[in-house]
Amino acid sequence: MTIVGIGEDAPAGLPPASRAALEAAEIVMGAPRHLALLPPLGADLVEWPVPFADGIARLLALRGRRVVMLASGDPFWFGAGTSIARHLRAGEWTALPGPSTFSLVAARMGWPLEHTACHGLHAAPLARLRPALAAGGRMIVLLRDGDAVRGLAEYLRDAGFGASRVTVFESVGGPAERRSDGAAGAMPDAAFAHPVCAAVQVKGDGAALPLASGRPDAWFESDGQMTKRPVRALTLSALAPCPGQHLWDIGGGSGSIGIEWLLAHPTMRATTVEPREDRAAQILQNAARLGMDRLKVVQGAAPEALAGLAPPDAVFIGGGLSQELLDWLAAHLAPGTRIVANAVTLESEALLTRAQARLGGDLLRIELAQAAPLGGRTGWRASYPVVQWSAVS
């Protein structure tokens, strides 16, 4: 089969290879909007059903025939190509991409695409934008439908970036292309038609989420069970996240470790294990608010809740430390897995001391003090010392 990317200027804008694939096809599958853009063909036209996943089985049933599937622009940049290709064998398919919406909008705006954040929010929450919201930033956002434009403007306003300039493009690249400019805090009272996207120049005095590990504690809702900012920064440094890796965060509390792990890179994965139902719900809320809704939260106690999880590249034990858990990890983790555990009580510290003697690794004692009022003057208020064990299985 062939995956053909088309734009709103089809058929005039179709390159020769895409035209040839369509002319040779027995069957063309695509959304009704895409099918309506095509020139007359000898192929059977099949509308892709809603929801999208329902069409995959129908497509796979056509194996062995000359099939073209239509997708918008570049099928492998927030497009349908990835969803389809994972079900096909190598050599079963080819792709003929067209210009992406991101490329077309960057050209209209005169923005360097390599320095512009690109987001596909067809089926994703607006909170995915939160890590990128900082004054001076630029982003291009693909939106679900026309109503989502107002939702985007409201989200920017509520985050303190109502001054942002929002340029809305409808049917970009086609004869019906329309452009509307305005501020997020004062969007024009107009209806916008699908397909639609927005170019955003971020302005305002809203809070920006820092890039460095150890974000301020105020970013996380908590009942007090949270790895505080300085210790969190040291913990993430010891966990040493690398692109594409998977973390087990055992005893999630507020979820701050797992969320910051995910913030390190868009390819990161994390699973948080938390025994308390209320805290598990709190972790999900924190993750969603900061655009990290891909965090997987498992409610249960370790080590029982760890069985069946995708294997980790790193493990953090922030709660529920026990000899049973350490023994289970030693028996089940693949060689090379990084382990970091923090202890505050003498009993937990003794467990880590024995673990280091038996398995190796490093012990770090973290003692912090913060300036605080002392009578009419200022003195140091010490926090409980934290003992951190880090090792490689």
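Each value in this text was obtained by applying a stated rule to the coordinates, not by laboratory testing. Please read these numbers as outputs of a predicted model, since none were measured by experiment. Don't worry about glycine lacking a Cβ; one is built from the backbone with ideal geometry, like all the others, and counts go over all protein chains shown.
Report the charge-dipole magnitude of the chain in Debye, nearest 20, computed about the Cα centre from +1 at each Lys and Arg Cβ and -1 at each Asp and Glu Cβ. Present the calculation step by step, with values, prior to reporting the outcome.
On the way: 35 positive and 36 negative charges, 122 e Å.
For this selection, approximately 580 debye.
Compute, for the stretch 279-358, the length of the dipole vector about the Cα centre, with Cβ point charges of +1 (Lys, Arg) and -1 (Asp, Glu) only. Units Debye, rounded to 20. Let's see the in-between values first.
Numbers: 7 positive and 7 negative charges, 55 e Å.
Here the stretch 279-358 has a charge dipole of around 260 debye.
Rounded to the nearest 500, what is the 222 nm mean residue ellipticity of the chain from helices alone, with -39500 (n - 2.57) per DSSP H run of 4+ residues and division by all residues?
Working: 11 runs with 103 residues, N = 393.
Using -39500 (n - 2.57) per qualifying helix, the result is -7500 deg cm²/dmol.
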* Net charge, residue 214 excluded, C-beta distance under 15 Å - Lys, Arg +1, Asp, Glu -1 -> +2
* Structure fact -> With 0.36 nm assigned to each residue of separation and the Cα-Cα distance removed, residue 190 to residue 47 gains 48.5 nm
* Structure fact -> Among [x] 84, 52, 42; [y] 79, 55, 34; [z] 98, 62, 37, the value of Cα extents along the principal axes in Å computed for this structure carries the label [y]
* For the chain, built as a Gaussian network whose Cα springs stay under 10 Å, the top-fluctuating residue of 218, 95, 330 -> 218
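Once you sort the root eigenvalues of the Cα gyration tensor of the stretch 7-102 as a ≥ b ≥ c, which label holds: rounded (a/c under 1.5), prolate (a/b larger than b/c) or oblate (the other case)? Provide the component values of the computation, followed by the final result.
Values: a/c = 1.35, a/b = 1.17, b/c = 1.16.
Since a/c stays below 1.5, the shape of the stretch 7-102 is classed as rounded.
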* Please find, in a Gaussian network model of the chain (springs between Cα atoms separated by less than 10 Å), the residue of 288, 334, 148 whose mean-square fluctuation is greatest. => 334
* residue 358 to residue 228: FRET efficiency via 1/(1 + (r/R0)^6), r the Cβ-Cβ distance, R0 35 Å, to the nearest 0.05? -> 0.75
* Asked: Based on the alpha-carbon gyration tensor of the stretch 256-314 and its eigenvalue square roots a ≥ b ≥ c, which shape applies: rounded if a/c is under 1.5, prolate if not and a/b is larger than b/c, or oblate?
  -> oblate
* Structure fact -> Here FRET efficiency (C-beta to C-beta, residue 165 to residue 369, R₀ 41 Å, nearest 0.05) is 0.35
* To the nearest 10 degrees, how steep is helix 147-158 against the longest Cα principal axis of the chain, on a 0 to 90 scale? -> 30 degrees
* To do: Please work out whether the stretch 112-164 counts as rounded, prolate or oblate from its C-alpha gyration tensor, where a ≥ b ≥ c are the square roots of the eigenvalues and a/c under 1.5 means rounded, while otherwise a/b larger than b/c means prolate and anything else oblate?
  => oblate
* Structure fact -> In degrees rounded to 10, the 0-90 angle between helix 346-359 Cα long axis and the longest Cα principal axis of the chain is 70 degrees
* Considering the chain as a Gaussian network with a 10 Å cut-off on Cα pairs, which listed residue, 222, 213, 237, attains the greatest mean-square fluctuation? -> 237
* Asked: Distance in nm between label sites at residue 23 and residue 288, each 7 Å beyond Cα in the beta-carbon direction?
  -> 5.2 nm
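Run the dipole for the stretch 172-311 about the Cα centre, Lys and Arg Cβ at +1, Asp and Glu Cβ at -1, nothing else charged, and hand back the magnitude in debye, nearest 20.
320 debye
Quickly rank 347-353, 3-9 as a protection proxy: mean count of other C-beta atoms within 10 Å, highest first. Mind dumping the intermediate values first?
Working: 347-353: 16.7, 3-9: 23.6.
Highest mean packing first, the order is 3-9, 347-353.
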